[in-house]
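The values are calculated or read from the model by the stated rules, or taken from the named source; none is laboratory data. Bear in mind that the values here come from a model prediction, so they are computed numbers and not experimental data. Glycine gets a Cβ as well: all are built from the backbone with ideal geometry, and neighbour counts include every protein chain shown. Calculation scope for accessible area: heavy atoms of the full protein, side chains included, ligands and nucleic acids excluded. Shrake-Rupley method; radii C 1.70, N 1.55, O 1.52, S 1.80 Å.
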Amino acid sequence: MRFLSRLSLSTKINAGIALIVLIFGLVSTIMAVRITSRALLDEIKKRGTSLTFNLAARSAEPLLAQDFLRLREVVDEIKASGDDIFYAFVLDKNGQVMSHTFKNGFPVALIRANILPPKAPEHTELLDVGDDLVYDFAVPIRV
């Protein structure tokens, strides 16, 4: 307190203004980070949903023709479209895996990880895959 009493009035005013600016700058930065991260997360979800609808639309023809090689190509193309896509797979109506992008076999627990509710257009689930959290998108293939 003795230190403050030795300062001139103009120094105290300048220090007060600097402190106020610093506090508001910190609060503004925290709010901006929250808003930006929320917006980025929403965009990631929209992109995932869009890619999933695209995969469903492009998978209908190979499934009808029972062209599983073409279905594999479609699934691989979706996986290769971005570094942030961990996997892609297609199930039939009975839950059997028709095609997938896993190198060491399909993890069967993933079939029940994101179950699409009846008549729902899509469903998104946040999954913990060990080191990361992954959004899993489910969309029905409509013919």
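Taking the range 11-40 as the region of interest, how many residues are open to solvent by less than 70 Å² (accessible area, probe 1.4 Å) and not hydrophobic (A, V, I, L, M, F, W, C)? Residues that pass the stated criteria total 5. Within the range 96-124, residues that are surrounded by 14 or more Cβ atoms within 10 Å (Cβ to Cβ) reach partners that are of a type in the set (S, T, N, Q) and in a loop (DSSP other than H, G, I, E, B) with beta carbons closer than 7 Å, at six or more positions or on different chains, in the pairs HIS123/ASN114.
Just the residues that are open to solvent by less than 90 Å² (accessible area, probe 1.4 Å) and assigned to a loop (DSSP other than H, G, I, E, B), please, taken from the range 85-95.
Just the residues of the range 85-95 that are open to solvent by less than 90 Å² (accessible area, probe 1.4 Å), to begin with: 85, 87-92, 95.
Of everything in the range 85-95, those that are open to solvent by less than 90 Å² (accessible area, probe 1.4 Å) and assigned to a loop (DSSP other than H, G, I, E, B) turn out to be ILE85, TYR87, ALA88, ASP92, GLY95.
Does ILE78 fit the bill of being part of a loop (DSSP other than H, G, I, E, B), crowded, with 16+ Cβ neighbours inside 10 Å and in contact with a Leu (Cβ under 7 Å, 6 or more places away or on another chain)? For ILE78, the condition - part of a loop (DSSP other than H, G, I, E, B), crowded, with 16+ Cβ neighbours inside 10 Å and in contact with a Leu (Cβ under 7 Å, 6 or more places away or on another chain) - is not met.
Does SER59 qualify as being open to solvent by 60 Å² or more (accessible area, probe 1.4 Å) and either part of a helix (DSSP H, G or I) or in contact with a Leu (Cβ under 6 Å, 6 or more places away or on another chain) (or both)? Break it down stepwise before answering.
On the way: open to solvent by 60 Å² or more (accessible area, probe 1.4 Å): no; either part of a helix (DSSP H, G or I) or in contact with a Leu (Cβ under 6 Å, 6 or more places away or on another chain) (or both): yes.
No.
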